[in-house]
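The values are calculated or read from the model by the stated rules, or taken from the named source; none is laboratory data. Quick caveat, the model's predicted, so the values are computed rather than measured. Ideal geometry is used to build each Cβ from the backbone, glycine not excepted, and the neighbour counts take in all protein chains shown.
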Number of protein chains: 2
Amino acid sequence: MVRATLAVVALVALVYPSSVAGLWPLPRSLQTGSQALTLSSSFSIDSAFTAPDDLKSAISRTLDYVRKDKHERLVVGRGSADASKIKSAPSLNKLSLQLESKTPLSIAQEAIKPFESRDESYTLTVPVNGDAILRANSTLGLFRGLTTFTQLWYTAGDAVYTIEAPITITDKPAYPYRGLMLDTARNFFPVADIKRTLDAMSWVKINTFHWHVVDSQSFPLQIAAFPELSQKGAYSATEVYTPEDVKDIITYAGERGIDVIVEFDVPGHTSIISKSHSDFIACPEAAPWSQFANEPPAGQLRLASPSVISFVQSLFSSLADQFPSRYISTGGDEVNLNCYNKDADTQAQLKKNGQNLEQALSTFVLKIHSTLKGKGKTPVVWEEMVIDHPVGVSNDTIVMVWISSANVRAVVNKGYRVVHAPSDYFYLVSGGWVGNNIPGNSWCDPFKTWQKAYSFNPLANLTAAQTPLVLGGQHLLWAEQSDPSNLDSIVWPRAAASAEVFWTGANQPSGKPRNVDEALPRLHDIRYRFVQRGVKAVALQPLWCALRPGVCNLQA
Amino acid sequence: MVRATLAVVALVALVYPSSVAGLWPLPRSLQTGSQALTLSSSFSIDSAFTAPDDLKSAISRTLDYVRKDKHERLVVGRGSADASKIKSAPSLNKLSLQLESKTPLSIAQEAIKPFESRDESYTLTVPVNGDAILRANSTLGLFRGLTTFTQLWYTAGDAVYTIEAPITITDKPAYPYRGLMLDTARNFFPVADIKRTLDAMSWVKINTFHWHVVDSQSFPLQIAAFPELSQKGAYSATEVYTPEDVKDIITYAGERGIDVIVEFDVPGHTSIISKSHSDFIACPEAAPWSQFANEPPAGQLRLASPSVISFVQSLFSSLADQFPSRYISTGGDEVNLNCYNKDADTQAQLKKNGQNLEQALSTFVLKIHSTLKGKGKTPVVWEEMVIDHPVGVSNDTIVMVWISSANVRAVVNKGYRVVHAPSDYFYLVSGGWVGNNIPGNSWCDPFKTWQKAYSFNPLANLTAAQTPLVLGGQHLLWAEQSDPSNLDSIVWPRAAASAEVFWTGANQPSGKPRNVDEALPRLHDIRYRFVQRGVKAVALQPLWCALRPGVCNLQA
């Protein structure tokens, strides 16, 4: 009898340590106490240095969140049992930000540094008495620490409080790339939806917005040098991203510690360009589409054509000027050979060039990459460009693995750095969308739950020496069945799962492996906080379960 | 060469008849022309009789929709090609409503008549010259016709127009029950969300809101005679439906031609009652839950206890007074025998009563049904009450089949009327929600697409003589992973599929069988209309496909 009781107590302590509260992602190192501490009504955040404007704004948002989240603890009674503790608790008057530099770079400037020199580390101490201190090497680190700070506080009546003071956190990401990909071409997303998504990303320390901005279905990006592309290729005159919109998005992202990596996916996925440059596209809207593309409409850039290459180089040059990120993606997935084999123009050009298709593809890609390098950019490609069509991209190229997580090893074995974007873990879509497909199933089925994503091991099948080649990873939203109607609900909170996988790494601060049992209560917590902040993340369980950690587990 | 061309033309005409435009559900009989007609800027709707207030409001909403939908035709160019037609088109000044009665009943009164005497039929004629006429036998029929009328119109610039005049529609539903079930107990839905859903339901002529209002996880329904149930059982003091809220919802539904059938699911699915009446519930929150219930928390009404029976009768009596519908559901799914077998109290009571469990269940259910019949109500039950536990409910009882569509025949063979609610076609949920279930799959997988629902045959495996026993059917939203965040996106437009299955019946107006190819362009249409009206229905395809009917089909 006594043994059984002890076992139960031990189990509860093991699985649901109260010492992680609602933090997401988990910090790398964390100590908490068990004392109550309230936020003073005059609570303020100050800095001993000249804060750049975007840090000032971040401070202001932090104050807003801690006051306005109005998030009650997810326990039966919603924190009413904390009332007496709160009543006698000391209060925190100030959070002081500390930085070595007196005239630091902005968050936005830090956010676009190369991965190897980007510093997101910070330490945060919240004592029971005295001021809280947030220290970092960069404004970007301070911003990450402010984000953590907002997750420490709960509301009960008028009080904003924690019951886990004192708190000491030393934190930095396990991986430098933690992203979210959004496709804005299958269906259009207004700037406001993208901004709301950038906010949500920053709340879980995602630092990369991989913007798959155009595709075969539409070309919403207005490019000053090529206005005809969006004039003829956008869904409408209002469903476009103007240069001002792009600047606005980049600025908004930067202020939130997010690098915007734009993708112009070539040579496939470009059918819509035929509307403005019919001579540039092979097999435009050819039928049956399934013989010419993985989805309708078919259509690919005539990659062997000198004028096409020149056009694409010029377009990438333009993008390179527009996007300050060090990184830019040239795509390269799902090149359909049949489209080129049946395109007389391409065949004639190949003959003229004395090249076969693979050679022409290599020339095409390497010329574009050369243009990008001339602009100081590092290219990013989909896995096909090193596995299916080894076109010879240079070893600094970053490779995104999407077809299967099993392909990572092959890419790493070739010495490339990888970003995990596997469909078998991180695809937010599921289900078929072609019209007369009655079961509606597809290659993307089944639905990838947060638990599945959370169980992803970034280092699976790799040697210790290969570890540094893993930059991180991301969830991805292909928008065939998404638009603003379901953006929040299809992305959140699932994308938070990869955010923690790549920030926290393999283990909890305790040294124990991360696991879904421990994670679920915290994911509930951040999900309800998302909702309070206006992002419609979906419920993971009945509230009854969210208030009773572990009780709705399979074996409970 | 000629043959091939002809074949293509024939195919296009077959699959995408322009003569159905954006109507959803398809009317039973439809003739359209090919002339343009605009809505006059002074367009009005009048009636030669004294319109009840709710019909007046419906007229006002109709005028709003036709003016404010601002829905452009889903074709390449979005109707810009219609400009010249529109310019020279006659305009419609008036829609006249006609009814036999000079002092008709309200829509709400008609909407709660018994199925057999409920009349939703109407005829609508929209001539090229002269007034449009909407004629019906009831205000409910007029309301259905007004709903159809709103779907005739598109916007181009300032014009509101159709290119299919003249239009003649004769319409009535194939089945009297076309529902949507919402579970408001696993997670709470505020009144505003329910009202928005009722609006959306009415747009596709769904006429029944099956309100699964309470369950084991929470008891949000305030009942005047038993205030303790929601006081102790609601998620919070604000997550409740007050008697005023209920009245508000019933009124709002009635004005939109929707009958509200409330369900109090007994004897299972009642764990939360233990919070206010601990002596009424067997195995409350027993662990492991999987031995005592199909989902946590376990807990069932002590069905053999006279005081429990008396309490439940009294509660149903109260519900019968509160809800004007002729129908009320006593639930009865997933009764867990182990819970009762291990409950000493129930075992003692059975012994005292000289009954076994099945006999006690029968007594329990029949006493409740007797109470309901005394109040003029017809009971509704889940299929277990006639298949797994044939408790002897009377033959007028309506049976909802949910476990599998294959079970319909067994129910009908016993002579009961059925409502189709099969998990294999109409469940809006998918995926597991228990905590540590890494694949996340569940009994509810895979995701049921609109195509799957649309392919449902209400008469499968039934004899012609059994046909009248099929009342209709409905989609169902169990809310373990839903709340206001994803209500619209998980329900719409999928629930529109069953709305058409049960309104239109097996065939298109042409006599050809309904099919997903023909339906998809119209479903896109109504989906975009939903979005324009503020309901966040999800995109079914890239807009590129929505603008090009058939081109994104599997074999296109």
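Brief remarks on what is shown
- Some residue of segment B:497-511 being assigned by TED's automatic domain parsing to the domain that holds B:ASP199, of a type outside the set (D, E, K, R) and under 21 Å from A:ILE490 (Cα atoms): no
- Some residue of segment B:267-278 being over 29 Å from A:ARG73 (Cα atoms) and either surrounded by fewer than 24 Cβ atoms within 10 Å (Cβ to Cβ) or within 14 Å of another protein chain (Cβ to nearest Cβ) (or both): no
- When residues of segment A:228-273 are limited to those that are of a type in the set (Gly, Ala, Ser), touching a helix residue (DSSP H, G or I) at 6+ places or on another chain (Cβ under 7 Å) and not in a loop (DSSP other than H, G, I, E, B), the one farthest from A:ASP183 (Cα to Cα): A:GLY254
- Residue that is surrounded by the most Cβ atoms within 10 Å (Cβ to Cβ), among those in segment B:51-89 that are polar (S, T, N, Q), touching a residue at least 60 places away in the same chain (Cβ under 8 Å) and under 27 Å from B:ARG144 (Cα atoms): B:THR62
- Criterion violated by A:GLY157 - all others in (1) within 14 Å of chain B (Cβ to nearest Cβ); (2) on the phi < 0 side of the Ramachandran plot satisfied: (2)
- Failed item in (1) away from every other protein chain (no Cβ under 14 Å); (2) within 21 Å of A:VAL380 (Cα to Cα); (3) aromatic (Phe, Trp, Tyr), with A:TRP203 passing the rest: (2)
- Residue count for segment B:121-154, restricted to those that are of a type outside the set (Ser, Thr, Tyr), part of a loop (DSSP other than H, G, I, E, B) and closer than 18 Å to B:ALA58 by Cβ: 4.
- Segment A:468-485, residues that are within 9 Å of chain B (Cβ to nearest Cβ) and either buried (at least 24 other Cβ atoms within 10 Å of the Cβ) or in contact (Cβ under 8 Å) with a residue 40 or more places away in the chain (or both): A:ALA479, A:GLU480, A:GLN481, A:SER482, A:ASP483, A:PRO484
- Selection status of B:ALA48, surrounded by fewer than 19 Cβ atoms within 10 Å (Cβ to Cβ) and in contact with a Gly (Cβ under 8 Å, 6 or more places away or on another chain): no
- Where B:ALA282 falls short, out of the listed (1) surrounded by fewer than 24 Cβ atoms within 10 Å (Cβ to Cβ); (2) more than 22 Å from B:ILE328 (Cβ to Cβ); (3) more than 14 Å from every other protein chain (Cβ to nearest Cβ): (1)
- Of all residues in segment B:509-549, those satisfying the criterion of being assigned to a loop (DSSP other than H, G, I, E, B), out of contact with any Leu (no Cβ under 6 Å at 6 or more places or on another chain) and more than 7 Å from chain A (Cβ to nearest Cβ) are B:SER510, B:GLY511, B:LYS512, B:ARG514, B:ASN515, B:ARG533, B:GLY534, B:VAL535, B:ARG548, B:PRO549.
- B:TYR175 vs. criteria more than 28 Å from B:MET400 (Cβ to Cβ) and either in contact with a His (Cβ under 9 Å, 6 or more places away or on another chain) or surrounded by fewer than 24 Cβ atoms within 10 Å (Cβ to Cβ) (or both): no
- Candidates B:VAL386, B:VAL401, filtered to the one that is under 20 Å from B:PHE115 (Cβ atoms), away from every other protein chain (no Cβ under 14 Å), crowded, with 21+ Cβ neighbours inside 10 Å and touching an Asp or Glu at 6+ places or on another chain (Cβ under 7 Å): B:VAL401
- Selection over segment A:101-144 of residues that are free of Cβ contacts under 8 Å to residues at least 40 places away in the same chain and of a type in the set (Gly, Ala, Ser) gives a count of 5.
- Residue, farthest from B:PHE189 (Cα to Cα), within segment B:230-248, restricted to residues that are surrounded by 22 or more Cβ atoms within 10 Å (Cβ to Cβ) and away from every other protein chain (no Cβ under 14 Å): B:SER230
- Segment B:155-178, residues that are assigned to a strand (DSSP E or B) and touching a helix residue (DSSP H, G or I) at 6+ places or on another chain (Cβ under 8 Å): B:ALA156, B:ALA159, B:VAL160, B:TYR161, B:ILE163, B:GLU164, B:ILE169, B:ASP171, B:TYR177, B:ARG178
- Test result for B:GLN466, in the same structural domain as B:GLU263 (by TED's automatic domain parsing) and not hydrophobic (A, V, I, L, M, F, W, C): yes
- Condition check for A:ILE223: hydrophobic (A, V, I, L, M, F, W, C) and surrounded by 24 or more Cβ atoms within 10 Å (Cβ to Cβ): no
- Unmet criterion (only one of (1) in a helix (DSSP H, G or I); (2) at pLDDT below 95) for A:ALA192: (2)
- Residue that is without any contact (Cβ under 8 Å) to a residue 24 or more places away in the chain and under 30 Å from B:LEU63 (Cβ atoms), where the choices are B:VAL535, B:VAL531: B:VAL531
- The set of residues from segment B:296-321 being over 16 Å from B:TYR340 (Cβ atoms) and in contact with a strand residue (DSSP E or B) (Cβ under 8 Å, 6 or more places away or on another chain) comprises B:PHE316, B:LEU319, B:ALA320.
- Residue in segment A:493-544 that is surrounded by the fewest Cβ atoms within 10 Å (Cβ to Cβ), counting only those that are among the aromatic types (Phe, Trp, Tyr) and farther than 26 Å from B:SER216 by Cβ: A:PHE530
- Options A:ASN407, A:ASN457, A:ASN441; residue that is modelled with pLDDT under 95, surrounded by fewer than 20 Cβ atoms within 10 Å (Cβ to Cβ) and either farther than 26 Å from A:ASP321 by Cβ or touching a helix residue (DSSP H, G or I) at 6+ places or on another chain (Cβ under 6 Å) (or both): A:ASN441
- Listed conditions (1) away from every other protein chain (no Cβ under 12 Å); (2) modelled with pLDDT under 90; (3) crowded, with 18+ Cβ neighbours inside 10 Å are all met by A:PHE447, apart from (1).
- The condition of being at pLDDT 95 or above, polar (S, T, N, Q), under 33 Å from the mean Cα position of the chain (by Cα) and assigned by TED's automatic domain parsing to the domain that holds A:ALA89 does not hold for A:SER40.
- Taken as a whole, the condition of being crowded, with 17+ Cβ neighbours inside 10 Å, charged (D, E, K, R) and more than 30 Å from A:TYR454 (Cβ to Cβ) applies to A:LYS377.
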